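The values are calculated or read from the model by the stated rules, or taken from the named source; none is laboratory data. Keep in mind that what you see is a predicted model, and the values were worked out from it rather than measured. Don't worry about glycine lacking a Cβ; one is built from the backbone with ideal geometry, like all the others, and counts go over all protein chains shown.
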Amino acid sequence: MPIYTFASNIGQLIVLSLGIWLIIQGRFTVGLLISFIAYVSNFYNPLRQIANLWASFQLTLAAWDRISHLLSLKSNLQIEKIKDETSTSSLVKFQDVSFMYPNGKEVLKHVNFELQRGKTYAFVGPTGGGKTTTASLISRLYDATKGNILLDGKNINTYTDCERASKIGFILQDPILFSGTFRENILYGNSDCGGITNKELEHRLESAKLTNLLDKFEKGLETPVDMSGDSISLGQKQIIAFMRAILRNPKLLILDEATANIDTITEQQLDIIIRNLPESTTKVIIAHRLSTIENADEIFFVNSQKIIAAGSFDEALELLMKEKGEN
Ligand SMILES: Nc1ncnc2c1ncn2[C@@H]1O[C@H](COP(=O)(O)OP(=O)(O)OP(=O)(O)O)[C@@H](O)[C@H]1O
Ligand SMILES: [Mg+2]
């Protein structure tokens, strides 16, 4: 661009000087000089376009470099073909599991617990206690450093990503959505609903009692979701993530603080939707608000690298109070 601007200015300067000199000599007219100056800028226009094109080309090359790097990344969660001898009737089983983040932070140590089919579990504990980490291990977002995790009777490492994802609906504390439409976001990664028409989808939403939630979005299924701006609130994000998880009809539904940013009336609607799930669905509720977990069949207390079955609601409350007292 600087070369183009310099050359174009020099060109105009030459035409102007030569034109004035010729006009003084009476061999040229002012009108002709003005036309020539216009021609000079026309002459340089294609050069400017080439300069712009070159700049865009350079930007594209840099972007491609980063995209191809991302596309060539290989998952470090290998699918193993181990023969499983440790069968279990529970849906999830942690066998002596320890977990350490790559930065050396050990969050779980020799943990054992089981989640039975069709029951509701609550995970409580102080902030930073390891609840989200435990849920991430159940969904195999990370591999355990030591020990085994069994899902639906098999070692979790033997499932393909697709098989595992179809069994688990995980609503993250801060859900991840993609730019596109509401419809694209709730169907993301749902192999059952590939190519489904809007009418069929509405029917599915109706039978899962999700229509009330859809009504909260002005343009319904076609509501644009723009992740580059703040066009969507955290509560709305959680509703979309919730609908995405419920539509999969998972065997295990994990709600990690999933209603923390949702108003009380909508929260009650979510409760009705959860109750409408098949009886065999196992639910894991992670919550700070104890009122959310009152109806859980079993409460686990997660802290200090341990997961302790707290038994009753009162026992969990006692453990939490004791924890607060110690801090
Ligand atoms: N990606 C990570 N890398 C390293 N350490 C992490 C990572 N994520 C969490 N931790 C650490 O692991 C511990 C447990 O974190 P986790 O997110 O599981 O807590 P939590 O019980 O879900 O807390 P909260 O109630 O605030 O959601 C914390 O001390 C945290 O600092
Ligand atoms: Mg958490």
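Consider region 216-248. How many of its residues are part of a loop (DSSP other than H, G, I, E, B) and of a type outside the set (Ser, Thr, Tyr)? Matching residues across region 216-248 total 10.
Being surrounded by fewer than 16 Cβ atoms within 10 Å (Cβ to Cβ) and closer than 19 Å to Ile286 by Cβ narrows it down to one of Leu115, Leu108, Leu141, Leu151, so name that one. Just one listed residue meets the conditions, Leu141.
The set of residues in region 125-168 being among the hydrophobic types (A, V, I, L, M, F, W, C) and touching a helix residue (DSSP H, G or I) at 6+ places or on another chain (Cβ under 9 Å) consists of Leu137, Ile138, Leu141, Ala144, Ile149, Leu150, Leu151, Ile156, Cys162, Ala165, Ile168.
Being exposed (fewer than 10 other Cβ atoms within 10 Å of the Cβ), modelled with pLDDT of 90 or more and within 16 Å of ligand 1 (Cβ to nearest atom), is that true of even one residue in region 68-85? No - not one qualifying residue is present in region 68-85. In region 104-145, the residue that is farthest from the chain's Cα centre (by Cα) out of those that are among the aliphatic types (A, V, I, L, M) and part of a strand (DSSP E or B) is Val111.
Looking at Gly125, Gly147, Gly169, Gly129, just one residue is assigned by TED's automatic domain parsing to the domain that holds Glu267, closer than 30 Å to Lys105 by Cα and in contact with a Pro (Cβ under 6 Å, 6 or more places away or on another chain), and that residue is Gly169. Considering only residues that are away from ligand 2 (no atom under 11 Å from the Cβ) and among the hydroxyl-bearing types (Ser, Thr, Tyr), look in region 118-138 and name the one that is surrounded by the most Cβ atoms within 10 Å (Cβ to Cβ). So, considering only residues that are away from ligand 2 (no atom under 11 Å from the Cβ) and among the hydroxyl-bearing types (Ser, Thr, Tyr), the one surrounded by the most Cβ atoms within 10 Å (Cβ to Cβ) is Tyr121.
Per-residue answers, yes or no, for (1) of a type in the set (A, V, I, L, M); (2) closer than 14 Å to Leu247 by Cβ:
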| site | (1), (2) |
| --- | --- |
| Gly128 | no, no |
| Ala144 | yes, no |
| Ile149 | yes, no |
| Asn157 | no, no |
| Cys162 | no, no |
| Phe170 | no, yes |
| Phe178 | no, no |
| Gly195 | no, no |
